[in-house]
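The values are calculated or read from the model by the stated rules, or taken from the named source; none is laboratory data. Just so it is clear, the model here is predicted, and its values are computed rather than measured. So basically every Cβ, Gly included, is an ideal-geometry build from the backbone, and we count neighbours across all protein chains shown. Side chains included, ligands, DNA and RNA excluded: accessible areas come from the protein's heavy atoms. Shrake-Rupley method; radii C 1.70, N 1.55, O 1.52, S 1.80 Å.
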Amino acid sequence: MIRLKRIASIAAVGGCFGLLDSGYLTIKHLQGSYIRCGDECSAVLGSRYAEGIAGVPLAGFGAMAYLMVIISALFAAAGSSLGRRILGVTGLVMALVSIWLIYLQAFVIHAFCKYCLASAAASLTLAAVVLIGGIFRTVPAEQ
């Protein structure tokens, strides 16, 4: 149980980093503000891939996913098996989406956004923590 709490705590910290990063991008996008990170960053953040759905920028979906990671990690740390499963699935899905977005930056947009890469690093680290930490393993009931 102590190991699970450590893994969940690491996931929550990673989720906080990702939430700050994607939250910043979301706020700037909704304000229509320019983000000072270079021409490549502007190319990525100004692309149609950053637009998202129904007026919610892609970074907004990232922020919601990171919030889900934080909440599920807290529940997992408290011993919730549902929290563990949600944390595991969310972490893996986020990593797959991040790989797709890195592909788009490299081969479609031909530019990289530092903030987007930071979020991808957080997602990939989260997935590694979830997989290596064995978050999907069954935790025996305490006696």
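Key figures
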{"read-out": "Cβ-Cβ under 8 Å pairs, at least 6 apart or on other chains, the range 1-29 side at pLDDT below 95 and open to solvent by 20 Å² or more (accessible area, probe 1.4 Å), far side charged (D, E, K, R) and not in a helix (DSSP H, G or I)", "value": "1/142"}
{"read-out": "Residue list for the range 95-111, restricted to those being open to solvent by less than 20 Å² (accessible area, probe 1.4 Å) and assigned to a helix (DSSP H, G or I)", "value": "95, 98, 104, 105"}
{"read-out": "Enumeration of residues in the range 54-75 that are open to solvent by 80 Å² or more (accessible area, probe 1.4 Å), within 27 Å of residue 28 (Cα to Cα) and aromatic (Phe, Trp, Tyr)", "value": "61"}
{"read-out": "Residues that are touching a residue at least 12 places away in the same chain (Cβ under 8 Å) and open to solvent by 20 Å² or more (accessible area, probe 1.4 Å), drawn from the range 76-89", "value": "77, 79, 81, 84, 85, 86"}
{"read-out": "Some residue of the range 30-53 being free of Cβ contacts under 8 Å to residues at least 40 places away in the same chain, open to solvent by less than 40 Å² (accessible area, probe 1.4 Å), among the hydrophobic types (A, V, I, L, M, F, W, C) and within 14 Å of residue 116 (Cα to Cα)", "value": "yes"}
